[in-house]
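The values are calculated or read from the model by the stated rules, or taken from the named source; none is laboratory data. Computed from a prediction, not measured in an experiment: that's the story for all the values here. Cβ sites come from the backbone with ideal geometry, for glycine too, and all protein chains shown count toward neighbours.
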Amino acid sequence: MQEYMCKNLRIGKYGGIDVVGLFEQKTGVLEGQTLTQFLGNYKTEEEAKAAHPEAEMYTNAWMQPQVSLSHLSDEGDY
């Protein structure tokens, strides 16, 4: 089971309220980076908070962590 640093609410792209969880990647090429995982979409904020009571704050694209792939080699890098 994934352990989340926090859970947030956001306005769903197609309506409703999304719940997302933020977690630190523990393995692989993204190790150490904070990632976002979609946890569900609900018709109302009340339904979202009932299903995920720890999700209290709203977030948006500007507040979400940005994944960096700059540490990976590219074609032609030797």
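Please work out which residue is farthest from Gln2 (Cα to Cα), limiting yourself to the stretch 24-41 and to residues that are surrounded by 10 or more Cβ atoms within 10 Å (Cβ to Cβ) and touching a His at 6+ places or on another chain (Cβ under 9 Å). Within the stretch 24-41, the match that is farthest from Gln2 (Cα to Cα) is Gly40. Residues in the stretch 42-63 that are among the small types (Gly, Ala, Ser), assigned to a loop (DSSP other than H, G, I, E, B) and either touching a residue at least 12 places away in the same chain (Cβ under 8 Å) or within 15 Å of Gln2 (Cα to Cα) (or both): Ala55 alone.
For the subset of the stretch 3-19 comprising residues that are at pLDDT 95 or above and hydrophobic (A, V, I, L, M, F, W, C), which member is surrounded by the most Cβ atoms within 10 Å (Cβ to Cβ)? My answer is Val19. Just to be sure before I move on: is Tyr42 in contact with a helix residue (DSSP H, G or I) (Cβ under 8 Å, 6 or more places away or on another chain), at negative phi, modelled with pLDDT of 90 or more and not aliphatic (A, V, I, L, M) in the structure I sent? The answer is yes for Tyr42.
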